[in-house]
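Chemist: Sharing a structure, written as structure tokens. Questions coming.
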Amino acid sequence: MKILYGVQATGNGHISRARAMGKYLAAAGVQTDYLFSGRPADQLFDMQQFGQYQVKRGLTFVTQAGKVNYWQTFWQASVRTLQQDIKALDLSSYDLVLTDFEPITAHAARLQHKRSIAFGHQYAFLHNIPMEHATPMTRLVFKHFAPAQYQLGLHWHHFNQPILPPIIDEEPHDVAQNEQQVLVYLPFEDQNQVVSMLKPLTDYQFCVYGPGLSKATLGHIHTHPLALKPFKADLASCSYVLSNAGFELISEALQLKKRIMVKPLQGQMEQQSNALALQQLRLAMRSDTLNSNIVANWLGSQSSQQFVHYPNVAKAICDWLLADTPTDVATLSKQLWQ
């Protein structure tokens, strides 16, 4: 079997899922080519696993200081380039197209009548799940941005819907957990403001990852550029995770039983809905603003938090894809949530 796998590269979570899926596709002997869109090629990192991948412009939201900038998003979008890339993509040599909310591969598959399967957190929003600031427009975006013949939504709970648990790129780290260590990943915030906010909190060690940061130690604050292995190691050894409300990092932190606080990206319905779901499930604390006092109160809080454990969804999906007679999505969902 030969597969073209499209990945929305605006966030590292989509790429993390592709890492997990890619391992099992390769182990099964599937020839897989990758196409990434939504981020310039020079901003991608640690991509050796994906071989000779393609990078296209695609579509993405522009963010500034923790908010979606719709004006800049509009001006930087190139619908004409997107349409050209969709029409130019030749799928004749592929048996299947996979898409993780990547629009070029999804729409090319539909135009060329190629079998297609989509999976990702965004497809969960096609079901009755907790949502905040949902509008008819957001529903249209989730439905038509990157459609496929089969769509597998992922979430932290099933909410009595035919959706799957998270795909988690797990790597074994036999390290002791540091009770005072905090992993901080707030890529949509001003990184200088993040560091300033953490300076008074000297009882904790902060490992801060973000765009534009260099590797440095500022007393109890350790800044890092974006890099896969150091990030995974610090995630394994920390006790706390402070982040925006993206899906994949929170999924990995939940699997590792970390205490979590999220600050959802303002104006981004998906992150605000994620924060709402985490509140309802008692899986994390939420704050729509951040300052030193808020972070200190969270770190010192003794409030209870639910803990979860998810199955190996990446392997299950790969097995499902390659089965001679795959079950329906609802049956797959029930099997995984058991």
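Chemist: I'd like to check something: does segment 299-311 contain any residue that is of a type in the set (A, V, I, L, M), assigned to a loop (DSSP other than H, G, I, E, B) and in contact with an Asp or Glu (Cβ under 8 Å, 6 or more places away or on another chain)?
Modeler: No: zero hits.
Chemist: Here is a further query. How many residues are part of a strand (DSSP E or B) and either open to solvent by 60 Å² or more (accessible area, probe 1.4 Å) or among the small types (Gly, Ala, Ser) (or both) if we restrict to segment 1-42?
Modeler: Count: 3.
Chemist: If you don't mind, another one. Give me the pairs: first residue in segment 30-42 and more than 10 Å from Gly58 (Cα to Cα), second residue outside any strand (DSSP E or B), beta-carbon distance under 6 Å, and six or more apart or on different chains, which are they?
Modeler: The qualifying pairs are Val30/Met1; Thr32/Leu25; Tyr34/Phe50; Tyr34/Tyr53; Leu35/Thr105.
Okay, residues lined up against (1) open to solvent by 50 Å² or more (accessible area, probe 1.4 Å); (2) more than 21 Å from the chain's Cα centre (by Cα); (3) over 27 Å from Ala134 (Cβ atoms):
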{"position": "Gln266", "(1), (2), (3)": "yes, no, no"}
{"position": "Asn274", "(1), (2), (3)": "no, no, no"}
{"position": "Leu281", "(1), (2), (3)": "no, no, no"}
{"position": "Gln305", "(1), (2), (3)": "no, yes, no"}
{"position": "Lys315", "(1), (2), (3)": "yes, no, yes"}
{"position": "Asp319", "(1), (2), (3)": "yes, yes, yes"}
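The values are calculated or read from the model by the stated rules, or taken from the named source; none is laboratory data. It should be emphasised that the depicted structure is a prediction, and the values quoted were computed from it without experimental measurement. Please note: Cβ atoms are built from the backbone with ideal geometry, for glycine as well, and neighbour counts cover all protein chains shown. Each accessible area value is taken on the protein alone, full model and side chains, heavy atoms only, with ligands, DNA and RNA left out. Shrake-Rupley method; radii C 1.70, N 1.55, O 1.52, S 1.80 Å.
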